[in-house]
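Encoded as structure tokens, the structure appears first; notes follow it.
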Amino acid sequence: MRTPLYDAHLAAGGRMVDFSGWEMPVQYSGILHEHRAVRENVGVFDISHMGEFFVSGPRAAEWLDSLLTNHAALLAVGQAHYSLLLNTRGGVIDDLIVYRLDHDEFLLVVNAAKIEEDAAWMKSRLIEGVTFENRSAEFAALAVQGPRSSDVFEKLFGSPMPAERNRVSDVGEGFVVTTGYTGEKGFEWIVPAGGAGEAWSKVLAAGALPCGLGARDTLRLEMCYPLNGSDLSPDHSPLESGLGFFVDFSKPDFVGKAALVAQKASGVPRRLCALKVTEKSPPIRPHYGIFAGDIRLGETTSGALSPSLGCGIAMAYLPNELSRPGQEVAIEVRGKQFRACVHKKPLYLKAL
Amino acid sequence: MNVPENLRYAESHEWILVEGDTGTVGITDHAQAELTDIVFAEPPAVGKSVKAGEVAAVVESVKAASDIYSPVSGEVIARNEAVEGNPALLNTDPFGAGWIYKVRLSDPAELSALKDPAAYKAQIGG
């Protein structure tokens, strides 16, 4: 599949790769260069492959609150938050952003690889008084990220970018929200697919550097933002993944709640930890073994060479008792072990 | 793409400069451009015996690890420690400061299996 910006990517020198069925740019000018642009200046990512669901009706909030972990009814109109869709075992089906567009109208932005699965799961649980529409094909989206994203915002929309995160701005066609996946300030602009090319050109003209999935991955991993399918899975609960903050146990019920309550009571067996390599090493990649002495504890779920820190970084599920910051482990690369330690999240903190 | 005239090339994008019974090995300009930002290089140990077509070294970009295949057989007599400290040399000067190792050729006849610059140019499309 291709996003409406496929030709624009080729024109910008994008190197296309397969990303869960989508032909997406992994990089244009170079991952390190693009990573730096977002940390120091401003970059733009095509995120049109992600899915857009619209949920509306008098019982929309109530219905979302029965399916998702966070508390949609508490969102003010114009606010957004991160939430999780769980299976009945408390495992993660998908992570998503919920936007309250109006009192009875919500927009959900979900992962590209999960559009069909999420839609099927949600539709099968639909109740009266709620309309669910999967309108993923109708929308493109751009993520503009970096300290200078506010300049781009002003040039595009003629008003200052909201200082607060998770704010929806009304810009006529489409939606603009101060959200992102990089740890920098920025916004995501969800536009009708037909307007994608024009939006892309305007964002580039306003000074943003085209950035690909490669930089998106290193940026989000430095912040320890999980990637579904790698760090999140149907076999791990959000409590294991360190996402308990986005689970509202005060809600009467939601799919997976009973399993999470039980897990809380019996103790969370393993935790998704951030790891930092403490000696010179090759870049860390997913599925590298983690060891404590001769004991294999698990494997990395994500890994990279951190462009900002200049060392190997990773995430991995470790037994609860070995999950505290400072815990020493080793990561195996091609049969050789390299010293690493569990690090407080995020791995990268911007010097202010 | 730069394809120097004085080198021979492997289909897997390594070059070799032969001087007497010694060969200097690196990766081509085309290879470094394909790999993009090289952030790790592990040249083989001195004394290691390498075989033509077998893995002799590893280089890694931000995105992927790539095996480097020895264009010839022989014993490694030097390794470029500079590229270990500064792997970006493979990007900036692939035919010069970015060399990876030197090998004493055990079978110079293997050189005839490698490509001349014209054939390599044709392989990479110009």
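Would you please calculate the Kirkwood hydrodynamic radius of the protein assembly as shown over all C-alpha pairs and express it in Å, rounded to one decimal? Could you put the intermediate results ahead of the total?
Details: mean 1/r = 0.0409 Å⁻¹.
Hydrodynamic radius (Kirkwood, Cα only) of the protein assembly as shown equals 24.5 Å.
Ranking of A:15, A:296 by neighbouring Cβ atoms within 10 Å, starting from the fewest: A:296, A:15. Orientation-averaged projection of segment B:51-126 equals 5.9 nm² [convex hull of Cα atoms, one quarter of hull surface area].
Cα extents for segment A:53-128 along the principal axes, largest to smallest and rounded to whole angstrom: 29, 25, 20. Taking amide H atoms as placed 1.01 Å from N in the peptide plane, the amide H of residue B:38 lies under 5 Å from those of B:91, each 5 or more residues away in sequence or on another chain.
Filter the cross-link list B:63/B:102; A:123/A:264; A:264/A:336; A:185/A:336 down to pairs whose alpha-carbon distance in this structure exceeds 31 Å. Don't skip to the answer; put the middle values down first.
Numbers: B:63/B:102 27 Å; A:123/A:264 29 Å; A:264/A:336 37 Å; A:185/A:336 38 Å.
Distance filter (> 31 Å) returns A:264/A:336; A:185/A:336.
Once backbone amide H atoms are built at 1.01 Å from N, residue A:209 has A:42, A:43, A:44 as its partners under 5 Å, excluding neighbours fewer than 5 places away on the same chain.
What number do you get for segment B:8-106 when its Cα radius of gyration is normalised by 2.2 N^0.38 Å, N = residues?
Values: Rg = 11.9 Å, N = 99, 2.2 N^0.38 = 12.6 Å.
Compactness ratio reported: 0.95.
Just for chain A, what percent of DSSP beta bridges are antiparallel, to the closest 5?
Working: 74 of 77 bridges.
The antiparallel proportion sits near 95 percent.
Segment A:87-164 and segment A:315-352 have their alpha-carbon centroids 31 Å apart.
Remind me, relative contact order of segment B:8-106 in percent, using alpha carbon pairs under 8 angstrom and six or more residues apart?
Numbers: 239 pairs, mean separation 32.1, N = 99.
Normalised by residue count, the contact order of segment B:8-106 is 32 percent.
Between residue A:126 and residue A:73, the modelled labels are 2.3 nm apart [label points 7 Å from Cα along Cα→Cβ].
Please give the calculated 222 nm ellipticity per residue for the protein assembly as shown, where each DSSP H segment of at least 4 residues contributes -39500 (n - 2.57) and the sum is spread over every residue; nearest 500 deg cm²/dmol? Spell out each step's value before the answer.
Working: 12 runs with 95 residues, N = 478.
Computed ellipticity for the protein assembly as shown at 222 nm equals -5500 deg cm²/dmol.
As I understand it, the dipole of the protein assembly as shown uses +1 on the Cβ of Lys and Arg and -1 on the Cβ of Asp and Glu, about the Cα centre. Which of A:56, A:306, B:100 lies farthest toward its positive end? Of the options given, the answer is A:306. Residue order for A:323, A:48, fewest other beta carbons within 10 angstrom first, comes to A:323, A:48.
Using only the Cα atoms, work out Rg/Rh for segment A:180-256, with Rh taken as the Kirkwood radius, to two decimals. Don't skip to the end; give the middle numbers.
Details: Rg = 17.1 Å, Rh = 15.6 Å.
On the Cα set of segment A:180-256, Rg over Rh gives 1.09.
By count of other Cβ within 10 Å, fewest leading, how are A:237, B:106 ordered? All intermediate terms of the calculation are to be shown ahead of the outcome.
On the way: A:237 28, B:106 15.
Exposure proxy ranking, most exposed first: B:106, A:237.
About its Cα centre, the protein assembly as shown has a charge dipole of approximately 1140 debye under the convention of +1 per Lys or Arg Cβ and -1 per Asp or Glu Cβ, with nothing else charged. Look at the alpha carbon pairs under 8 Å that are at least 6 residues apart: their mean separation over the length of chain A gives a relative contact order of 18 percent. Rounded to the nearest 20, the size of the Cβ-charge dipole of segment B:8-106 about its Cα centre is 240 debye, with Lys and Arg at +1 and Asp and Glu at -1.
Readers should treat all values here as calculations from the given coordinates under stated rules, not as data from a laboratory. Predicted model only: the values in this text are computed from it and were never measured. We place every Cβ from the backbone using ideal geometry, glycine too, and count neighbours over all the protein chains shown.
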